[in-house]
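These notes are about the structure you will find just below.
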């Protein structure tokens, strides 16, 4: 009996080490295929997997593995247009629950803000590793430094706009300020005839988002800046200054 216990104790660490290597290989393959925009990676996620993203520290979004299976073929071509890849540093694999947890410092190419809290949980299902949870943190606006040419173009646009402000865009909308954060132009717009409490926001907000997209992608000069790497945010408030919504358009999103 003692000899049997010795064997079990001796071989357990070896088996564990082998699984750690397997999980690391699984993770490296997942990253490589994701960065190659392979929609087939959705098959590596369990249908009941939880994919959690926290944006700007407060906005939490969650999607199941089954939903990711449905969306991957639509999302990957968009990610490819944007060049939306990530690199991972300080990768570690540790036992976690019935499987393992991969932790890493994730650095997204299109945001240039490191995600220090990234993790990926995997378990073995019918002999194959499957993702059961993925947690990421991100920001809505890129912090990447614009190229010299893009920075000059954005500065020129600001210089031309600011003397005109505030500017009535139509009978309801006033452009009050424009600022530049990294490579992103932020247009602060007030709906000065409208109070949020008086409006059907379920109808108003989609309309504002559509207007934002049309303004950004439908204007040749603006679309050219976006194609060069600029981002655009239209931030809407009501007449009292209550935030209604904001619309973000980043490189690769305009058709």
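Computed from the coordinates by the stated procedures, all read-outs in this text should not be read as laboratory data. Just so it is clear, the model here is predicted, and its values are computed rather than measured.
Per-residue extension of 0.36 nm, minus the Cα-Cα distance of residue 167 and residue 82, leaves a gain of 27.4 nm for this segment. Once the Cα atoms of helix 2-35 and of the chain are each reduced to a long axis, what angle between those two axes, in degrees from 0 to 90 to the nearest 10, is obtained? It is inclined by approximately 30 degrees. The share of Cα pairs per 5 Å bin across segment 2-138, counted from zero up to the longest distance, runs 2, 9, 17, 22, 21, 12, 6, 4, 3, 2, 1, 0, 0 percent. Our analysis of the chain gives Rg over Rh at 1.11, with the two radii drawn from alpha carbon positions and Rh computed by the Kirkwood formula.
Run lengths n ≥ 4 of DSSP H only: what is the helix-derived mean residue ellipticity at 222 nm for the chain, with -39500 (n - 2.57) per run over all residues, to the nearest 500? Only helices count here, giving -12500 deg cm²/dmol. For the chain, the longest principal axis of the alpha carbon atoms and the long axis of helix 201-218 meet at an angle near 80°.
Seen against the Cα atoms of the chain and their longest principal axis, helix 148-161 is set at about 40 degrees. Distance from the alpha carbon centroid of segment 35-114 to that of segment 182-255 works out to 27 angstrom.
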